[in-house]
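Here is the structure we will look at.
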Amino acid sequence: MGQRTGDGRTAVERRSERELVVSRTFDAPVRLVFDAWTRPELFKLWWAPRSAGVPLLDCEMDVRTGGGYRIVFGHTPAESMAFFGKYLEVVPLSRIVWTNDEGGEGAVTTVTFEAQDGRTRLVLQELYPSREALDEAFIGMEDAMPEQFGQLDELLAGLATS
């Protein structure tokens with residue numbers, strides 16, 4: 001294992017047969033980074049990779065332990081794809097854990113936020129139910145996550161100056 005890719009700022013690592021870890025340090029305080037992950041109006045601005053050309057149509061997030069989310073991508077409601085799940089654990093400014101329930105092979109995702117001298121070290125870990133499920137997800141993740149995190153960086157730079 002230990003297969004690593006990324007863009008120089010975002011590390012994408014396959015740590016085991018079932019675990020993917022993506023990490024990056026953002027030039028923004030934890031409060032702003034956490035807000036970008038938990039406020040739908042901000043999340044919508046960075047989550048969909050621009051290169052995919054598929055916009056985020058709808059984003060509903062009840063970010064609390066026991067709450068849920070639903071994210072819809074597509075050009076029209078008739079031709080859309082929804083991702084949804086529930087929040088297993090939410091610790092403000094520190095940690096978010098959620099399920100990915102749209103398919104039978106969904107991962108459990110954990111995102112941690114660590115303050116580092118006014119910056120934020122973010123680690124996203126996904127644990128899949130099988131090696132095959134991670135194999136399928138990894139193909140798109142190694143390009144999408146660095147792009148998404150780059151878009152998040154752009155949003156955070158704008159938020160920090162406003």
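Using 1/(1 + (r/R0)^6) with R0 = 41 angstrom and r between the beta carbons of Asp117 and Thr76, what's the FRET efficiency to the nearest 0.05? It comes out at approximately 0.35.
The region of the chain that goes longest without hitting one of the GluC sites (Glu not before Pro) in a DSSP loop, each with at most 16 other Cβ atoms within 10 Å, is 18-101. Near Leu88, once Lys and Arg are set to +1 and Asp and Glu to -1 for all other residues with Cβ below 12 Å from its Cβ, the sum equals +1. If you take Cα Rg over 2.2 N^0.38 Å from the coordinates, which of (i) 1.28; (ii) 1.15; (iii) 0.99 do you get? Answer by label: (iii). The label point for Val54 and the one for Glu19, both projected 7 Å from the Cα toward the Cβ, are 2.9 nm apart. Positive end of the charge dipole of the stretch 1-141 (Lys, Arg +1 and Asp, Glu -1 on Cβ, about the Cα centre): tell me which of Ala137, His75, Phe34 has its Cα farthest that way. Positive-end residue among those listed: Phe34. Under the simplified labelling scheme, the Phe84-Ser130 pair shows an inter-label distance of 2.4 nm, with each label point 7 Å from Cα along Cα→Cβ.
Taken together, the values in this text are just the output of simple stated rules run on the coordinates, not laboratory data. Note that the coordinates shown come from a computational prediction; the quantities given were computed from them, not determined experimentally. Positions of Cβ are generated from backbone atoms using ideal geometry, with glycine treated the same way; all protein chains shown enter the neighbour counts.
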